Every structure is written in C-alpha cells, then in structure tokens.
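Following: one structure in structure tokens, then a few remarks.
What follows is calculated from the coordinates using simple rules that are stated; it is not laboratory data. No experiment lies behind these values; they were computed from the predicted model shown. For neighbour counting, all protein chains shown are included, and Cβ atoms are generated from backbone atoms with ideal geometry for every residue, glycine included.
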Amino acid sequence: MKILLLGGYGNVGKFLANLILSNTDSSIIIAGRNESKAKKMKDDISFGHDKARIVTEFADASKTGSLINVFNKSDFVINSASTIQFTKNIVDALLQTKKNYIDVLMSSSQKLNFLKAASTEFVKNNQTVITDGGFHPGLPAALIRYTAEQFDKIHSANVGSLLNMDWKFELSSPDTIKEFIYEFKDYDSTAYVNSEWKKLSYKDYKYFDFGKPFGKKPCISMMMEELKELPDKYPSLSETGFYVSGFNWFTDYFVTPLMMVAVKNFSSQKLNPIAKLFKWSIQKFSKPPYKVILQLIVEGIKDEKNQKMKIEVSHEDGYYLTASPVFACLKQYLHGKINKPGLHYQASVINPKIFFDDLKDLGVEVNVVMS
C-alpha cells in the first residue's frame, strides 16, 4: 500500500513516516509545497529503512488539481499539513479520487462543516474518511469509551490535559503557528453538566492532579466535537467534558487574552505579530521536564458498587503523542477493522481496547488506577 503523508516533513509527519516504515510493509509518499524539505525528510529517514519505500511529491493544497494529482498516486491519505483554510479543496479532491483519508488537524467548525456536507457522498463512494486524529482531539472520547467498557454504568467522565511540551518551532512553518492561534476564534467552552450541554465560564474550572513535578492544575473547559456522541451512547452519563490547563503563566495570563482579541478582529494573514509573541512566550517560559498528559476521571457503577477510575495517557514528546494515535488508528484500518464508509471521528471509529494496547506497544504510557 502507498500511504500519502500530506505535510509529511513536519513535526508530526516525521514520526508518522517512521512509524509506518517501521511497523508495516507500506511505502510512503512525502508531499507538500516545499520540495526541498520533503527531500531532506526522505534523506533523514532513509537511514534504517529501504529508500525505495520512500518517494517525494509536490502538492499545493490551495490548488485542487495539485491535490487530485498526488492523491491518485496513493492508496490512503494522511493529512498533517496546515490546510484547514483549504478544506474545501481537500474534500473536492477526496470525492474525485475516492481515496480513504485521516486528518491530523485542529477540530475547527470550518473543517468539520465541509466534511459533514460531503458525508453522504463519502458513503456513496464507499470511502472511509476519518477526522480529528491525534490526541487533542482524538483521545478524550476514546479514553471514555475505553473505561466505559469496564463499568456497568458511568455517571461522570471528565478529561484534563497538561501541555508542557517542546514546541520545536524551528521545524514548524509560520502557517502552522498562525493556524493554531486562529483556532482560538472558534474557542468553545461547552461541557456536559447535569445532563445538558452548557457554555462554562472561566470560573467553572476543575482541578486535575498531574503528579510530580507538575502538581494540581486548574483546567478550563474546551469543547471537543467527539464528545457530543457520548450522552446518547451512555444514557447514564450526566457529566462529561474536556479541560485544558494552559501553556505557562505568562502565555496564559498575558498572551492568550491578546490572541483571543486578535483572532476575533483580524484575518489569519494579519496575525504575524501575535504569532511571534506567542512563539517567544512559549520558548521563554515553557521549561523542562517536557510532558503531555491526558487524565480521565470516571465515576460510575461496577458490580453494584460505586467505583472511580483514573487513567492517564502521556508522553514526553507532544508530537509523538499526536502521531502515535493516528498510526494506531491506521493500523486498525490496514487490518480491516475499520472499513465502514462515511465520515468518522478517530475517537469513535477505533476499537478502544486494541487502540490503547497498541499505544502502549508504541511507547506511550497508559496507566490505570481503580478505586
């Protein structure tokens, strides 16, 4: 199988390339607008792998024809490029080439609206299209599904996240940074509380204890689309949400408020100054030890008794923690366990048990405590 990595020379793409080459017989196509970066990535990862399994291609997401050309050279498409503004082109190319696909992009309404509008056509074309891959989104609802199988009923399931990572901005394009910042325009603080979806204020934070050296952190609600299916799937569930702890004290209290104002008043093309400030603040104030942690706290009933479970998924490299769930999902696809046509979230299409077992095999820490 030929797997296309759109944006394959980025921080996430490099890990995906190595995971695919190390754990499958598939070949990869590293594609993007910067051909020199694609060729350098090929040279970098050729050590230890058969160079014949790696090719590079030019692809410009702003031109549908360019996407169609490169999609047609592959059997499966993984999109980890900064392409949210070109989602319509991506969707048009998918519909014309009828390729199966997963993206590793932020969960924006701009992206999801185009994908949802094409969902009927995906079914007609017998295409499996997976969105919101990675860990944030990608893991919160998957964690809840995984733990729900170990309860008779679940009543509350809240996920907190710690994001203390080395952002490796030297390997990120300016568009990637601006795209990340621009997602604050769609920031949604909705969570499921007392059996209804509510927008929460910054005062409605929850504390999560991430252990040494990070300790207990206040986390504010951030809506994840993948969570919306859970109350229907688990009728006993009365509370669920995803909560984020922020970046560091300076970025959280000084830079983030400026970003929130900027994205509501300026286009992404005019965000260069705030992007530079964000980049500087992250590099200046985010210090080792680097670690990304997702912590789920579940309360429910098991064997007619009240039970509480805490499960943590973590890794010291946030980009690896983004790539490894995508590969674990791809592995299920390659083994024929994901074959239903249509549009799916990564968190809802995977088999949770196999998924988290594979993450552990890939070196991701998955720790469970029952009380």
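General observations
- Per the Debye calculation on the chain with a single equal scatterer at every Cα and no solvent contribution, log₁₀ I(q)/I(0) for q = 0.06, 0.07, 0.14, 0.15 Å⁻¹ amounts to -0.21, -0.29, -1.28, -1.47.
- Counting DSSP beta bridges with both ends in the chain, the antiparallel % (nearest 5): 55
- Charge dipole of the chain about the Cα centre (unit charges at C-beta), most positive-ward option of Ala59, Asn339, Ile102: Ala59
- Counted by neighbouring Cβ atoms within 10 Å, the residues Trp197, Trp167 run from fewest to most as Trp197, Trp167.
- Amide N proximity, region 298-337 versus Asp75 label position 7 Å along Cα-to-Cβ, cut-off under 11 Å: 334-335
- Using the Karplus relation 6.51 cos²θ - 1.76 cosθ + 1.60 with θ = phi - 60°, the per-residue 3J(HN,Hα) values for region 333-348 come to 5, 5, 8, x, 7, 10, 8, 7, x, x, 9, 9, 8, 3, 5, 9 Hz, with x marking Gly and Pro.
- Counting beta carbons within 10 Å around each of Leu6, Leu230, Leu296 and listing the fewest first gives the order Leu230, Leu296, Leu6.
- Taking GluC sites (Glu not before Pro) as exposed when their DSSP state is a loop state and no more than 11 other Cβ atoms lie within 10 Å, the longest site-free interval of the chain runs over 150-303.
- The charge dipole of the chain, taken about its Cα centre with unit charges on the Cβ atoms of Lys, Arg (+1), Asp and Glu (-1) only, comes to about 640 debye.
- Note on region 174-225 and region 11-27: Cα centroid distance 31 Å, given to the nearest whole angstrom.
- Mean-position separation - Cα centroids, region 283-323 and region 324-363, in angstrom: 19
- Cβ-based exposure ranking for Cys329, Cys219, in which fewest neighbours within 10 Å come first: Cys219, Cys329
- Subset of Lys212/Lys284; Lys305/Lys337; Lys168/Lys199; Lys14/Lys88; Lys116/Lys203 violating a 30 Å alpha-carbon distance limit: Lys305/Lys337; Lys168/Lys199; Lys116/Lys203
- ³J(HN,Hα) computed for each position of region 47-56 - Karplus, 6.51 cos²θ - 1.76 cosθ + 1.60, integer Hz, glycine/proline x: 5, x, 10, 6, 4, 5, 8, 10, 10, 10
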